[in-house]
Amino acid sequence: MDRNTALKYVVDAQGHSQGVFLDEELWRQVCSHVLAVLARNCPVEQLIPEPMADFELLEKYWDFRYELPSDVCCETCGASTPNWQTDEPRKFVLRAANMGGLLVFECKNCGSRITKRHFKDKVTVTCSAQGCSCV
């Protein structure tokens with residue numbers, strides 16, 4: 001391993017640090033330590049299954065004059081879809097649903113929470129940004 005080439009700093013056009021490239025031999029020696037620090041500082045979230053049974057119950061007993069809308073739009077990052085269930089890969093994950101007409105989605109791009117409240121004559125939508133959990 002050559003000390004002068006084992007570690008290379010990556011900077012943008014303005015000279016701001018963007019990251020580091022490690023020589024493969026150096027990486028083999030430090031990877032277990034780096035991955036342990038990463039796991040400690042940015043734990044992987046447990047995957048929570050979507051509440052599809054609750055959503056299907058809402059669909060089954062839907063009795064409003066308008067169709068149950070399937071579009072979702074994130075005001076934080078601009079992600080949108082005409083049908084959240086058919087995207088591949090999915091842009092939004094259903095986090096909550098109930099027969100009262102409440103649907104809550106999580107934007108997979110930025111983590112924002114999109115809440116859709118369905119009333120007899122209208123739908124209200126709110127979008128709230130969520131902070132990063134690994135800082």
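We did not get these values from a lab; they are worked out from the coordinates using the rules stated. As the structure is a prediction and not an experimental result, all values here were calculated from the model. Neighbour counts run over all protein chains shown; Cβ positions are idealised from the backbone, glycine included.
Brief remarks on what is shown
- Length-normalised contact order for the chain - Cα pairs under 8 Å, 6+ apart - percent: 16 percent
- Of the trypsin sites (Lys or Arg not before Pro) found in region 32-67, those that fall in a DSSP loop while having at most 13 other beta-carbon atoms within 10 Å are Arg65.
- When only alpha carbons are used to place a centre, region 49-94 and region 22-45 end up 37 Å from one another.
- The aspartates and glutamates whose alpha-carbon is closer than 17 Å to the alpha-carbon of Lys91, local same-chain residues fewer than 8 away aside, are Glu50, Asp71, Glu75, Glu106.
- Stokes-Einstein diffusion for the chain at 10 °C, viscosity 1.306 mPa s, with a Kirkwood radius from C-alpha pairs, works out to 86 µm²/s.
- Listed residues Gly100, Cys74, Thr126: farthest to the positive end of the dipole of region 52-128 (Cβ charges): Thr126
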